[in-house]
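One structure is given below, encoded as structure tokens.
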Amino acid sequence: MVGNGGEMVAVRGLYKRYKELPVLLNLSFDIPRGSIFGYIGPNGSGKTTTIKIMTGLIRDFQGDVMIEGRSIRNWGKELSSMIGYLPQQTSLQEWRTVDQSLHTFGRLSGLSENEVKERMAEVVDVLGISEYRERKVSKLSGGTLQKVGMAQAMLHRPKLLVLDEPVAGLDPESRVLFKGLFRKLSREGTTIFFSSHILSDIEDIADTIGILGQGMMRYIGSMDELRARVGRTTEIRLETVEPVPSDALLERIPGISKVERVADNRFHIMLEDLREVDAVVDRTIRAVMAESIHVRAIHPNRQSLESLYLSYADAEGKL
């Protein structure tokens, strides 16, 4: 099997069952080079199984995965050196120090002794864990352990990073750090495949989203494409200084389909046509000010990935 040259990963016809329970059912999709691919779906849908197949941890399955045209059926040093993997639960030998753990991972990934030393210094600095290099793994907090796991995943400059819930358990500052790092690595050409239950994080950085349900890829595409497919009409948030005496003032404005009053001076306004958003905002401001009511804030509010995901689940039936 040979890819078309545009993808880093080509998943073809994956089928996997555990005893009598099918988990993946003819799963196929591509991940373009240099992209950030966000993989979402309900618990038990097969996300972690997909990841374990991609990283060579599960060998008993039907179908194939090609990474830069190389089948994972022929796993070897070349594939190992191309992939960095951060599992959902970072597992390191607790009696070893951070330096000792990273050194071992670096050497196993094919780096020379000098390369390991250089890269260790670089990655621990980027992740802000330099002060923990001589500390034993057993003494690390959960967030710091996650950063060490990320350090080992990127230590050997892999072309593909496969990350299972990489921001789970991190504090807000560390989540921002990780997301900024993912963007930087993507700009430099690294392909990033990651799953997360924190849909706002995927919305922040993923350029492609895959929705897995009942072992099959239910949707794959961009946020804008998903919004166009299942999104509700664009919504405008309006807040005024003075109370608006009647909803009719807003309801009669051309282009508005529905008005929801949140408070005396706050409204959610649904549009008939998302292409009219700028015109409707202008009409709304004019109509409100004509009644001597001052506008404090008005802005379009696009649906979040979480909202779109729930809309998609409703449209497609239970995922």
Which residue pairs have Cβ atoms under 8 Å apart, sit 6 or more places apart or on different chains, and have a first residue in the stretch 137-159 that is over 16 Å from residue 191 (Cα atoms) and a second that is of a type in the set (Phe, Trp, Tyr) and open to solvent by 20 Å² or more (accessible area, probe 1.4 Å)?
-> 137/95; 138/95; 140/132; 144/132; 148/132; 152/105
Quick one: which of 204, 247, 278 is modelled with pLDDT of 85 or more, surrounded by 16 or more Cβ atoms within 10 Å (Cβ to Cβ) and of a type in the set (D, E, K, R)?
-> 204
Among the candidates 171, 99, single out the residue that is under 26 Å from the mean Cα position of the chain (by Cα) and either of a type in the set (D, E, K, R) or within 23 Å of residue 77 (Cα to Cα) (or both).
-> 171
Verdict on residue 149 being crowded, with 18+ Cβ neighbours inside 10 Å and touching a strand residue (DSSP E or B) at 6+ places or on another chain (Cβ under 8 Å) | yes
Residue 32: exposed (fewer than 15 other Cβ atoms within 10 Å of the Cβ), in contact (Cβ under 8 Å) with a residue 12 or more places away in the chain and at negative phi, yes or no?
-> yes
Test result for residue 9, under 30 Å from residue 151 (Cα atoms) and either touching a Phe, Trp or Tyr at 6+ places or on another chain (Cβ under 9 Å) or modelled with pLDDT under 90 (or both) | yes
Among the candidates 236, 220, residue that is part of a strand (DSSP E or B) and in contact with a Gly (Cβ under 6 Å, 6 or more places away or on another chain) = 220
State which residue is nearest to the chain's Cα centre (by Cα) when the search covers only the stretch 182-201 and only residues that are within 16 Å of residue 31 (Cβ to Cβ) and open to solvent by 10 Å² or more (accessible area, probe 1.4 Å).
-> 186
Contact list, first residue from the stretch 173-184 and more than 19 Å from residue 195 (Cβ to Cβ) and hydroxyl-bearing (Ser, Thr, Tyr), second anywhere and open to solvent by 10 Å² or more (accessible area, probe 1.4 Å) and at pLDDT 95 or above, beta-carbon distance below 6 Å, six or more apart or interchain, is none
Report, by residue number, each residue of the stretch 35-59 that is outside any loop (DSSP other than H, G, I, E, B), in contact (Cβ under 8 Å) with a residue 40 or more places away in the chain, among the β-branched types (Val, Ile, Thr) and closer than 16 Å to residue 13 by Cα.
-> 50, 51
Residue check, residue 123 closer than 24 Å to residue 167 by Cα and either surrounded by 15 or more Cβ atoms within 10 Å (Cβ to Cβ) or polar (S, T, N, Q) (or both) | yes
Within the stretch 38-60, of all residues that are buried (at least 19 other Cβ atoms within 10 Å of the Cβ) and not hydroxyl-bearing (Ser, Thr, Tyr), the one nearest to residue 194 (Cα to Cα) is 38
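The values are calculated or read from the model by the stated rules, or taken from the named source; none is laboratory data. In this text the structure is predicted, and so the values were computed from the model without any measurement. Because the Cβ atoms are built from the backbone with ideal geometry, glycine has one as well, and the counts that use them run over all protein chains shown. Quick note on the areas: whole protein, heavy atoms, side chains included, nothing else; ligands and nucleic acids left out. Shrake-Rupley method; radii C 1.70, N 1.55, O 1.52, S 1.80 Å.
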